[in-house]
1. Where in the range 93-203 are there helices (runs of 4 or more DSSP H), lying fully within it, with 1 or more residues that are hydroxyl-bearing (Ser, Thr, Tyr)?
2. Condition (residue is at pLDDT below 95 and under 17 Å from ALA202 (Cβ atoms)) applied to the range 109-125: is it met by at least one residue?
3. Quick check on LEU287: is it surrounded by 13 or more Cβ atoms within 10 Å (Cβ to Cβ), within 11 Å of the chain's Cα centre (by Cα) and modelled with pLDDT of 90 or more?
4. Please enumerate the residues belonging to the range 239-292 that are hydroxyl-bearing (Ser, Thr, Tyr) and part of a strand (DSSP E or B).
5. Go through ARG147, ARG94 for me and flag whichever is over 12 Å from the mean Cα position of the chain (by Cα) and either modelled with pLDDT of 85 or more or at positive phi (or both).
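The values are calculated or read from the model by the stated rules, or taken from the named source; none is laboratory data. For clarity, every value in this text was computed on a predicted model and none was experimentally measured. Because the Cβ atoms are built from the backbone with ideal geometry, glycine has one as well, and the counts that use them run over all protein chains shown.
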Amino acid sequence: MELRHLRYFQAVAEELSYSRAARRLHIAQPALSRAVQEVESALGVNLLDRNRSSVRLTPAGRVLLREAALIFERWDEAMRRVRRTAGGEEGELRLGYIGPPTQPFLGRLLGEYRRRYPLVSIHLEERTPERVWEMVAKGRLSLGLTRPVPMSEALGLRTILLRDERLGIVVPVAHELAKRKNVSWRALEREPLIVLARREGAGLHDAVLAGCRAAGFAPRLAHTPSLIGTVLSYVEAGAGVGIVTDSVVTPEHPLRFIPLKPGITVPLVLVWQEDEDDPPVQRFRELVVEWQRAGKLWAKRAGR
């Protein structure tokens, strides 16, 4: 039994007239009669009592008419969902991200995405850069906001560079280095340094070590915590000089960010797997690029 045959039965059952149903469906009446007979044959029941003057529904016919209405309602909704999904208006977005570098824009970006595509289900996972890459490569995340990692090229994922973030120090405002406009790497030779652990961010950690080596000294690593927030807490407690990217310290934070010279940057990228590029992922990527070009990603931090 074809779906159109069920629609033919529905028309006859609602009109209680083959001639009116045929005109409604724009088909010949004999073809309509055969279609209804095929439905009855497929089900093995009589759905209509008909004679020369009238058509009446049997009890089985009344049940099928009610069920047909539900079937077509579900079918129409399914078609709408298919079209919405194809247009990126419905589906699932599983986003992995690294915390502090995305804080300036992630909440606002997701708010705009949800406004545009309210039927897309969003799932967020904050992970280390390495873990974000791994989960995107395995299809457990749709895409990620992260940093390049040593295994980046081997995973074969697609990326968009969002920003090269400057490295700098963070110190309390009373620290002797706090009034400088920039600080040389060499000035850190005797300072106890607080740097994110390599297992949590190899790109950032390695960039710090490379900057120290280029300046001709081995760094004194006082602490290597697993969270950037802990780096800032150590600095506030006077345990040493923190080295972070410029996205970490907000203007209202009690610590002072000072760029390092010569400058070293750490990239922030959007990463996704081409084979998993579903419409909701495409729409999110388009929104990120739109905001990047319009200067909206870091708009609230401009002028720091």
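1. 99-102, 106-116, 152-155
2. No, that holds for no residue.
3. Judged against the criteria, LEU287 is a match.
4. THR245, THR265
5. ARG147
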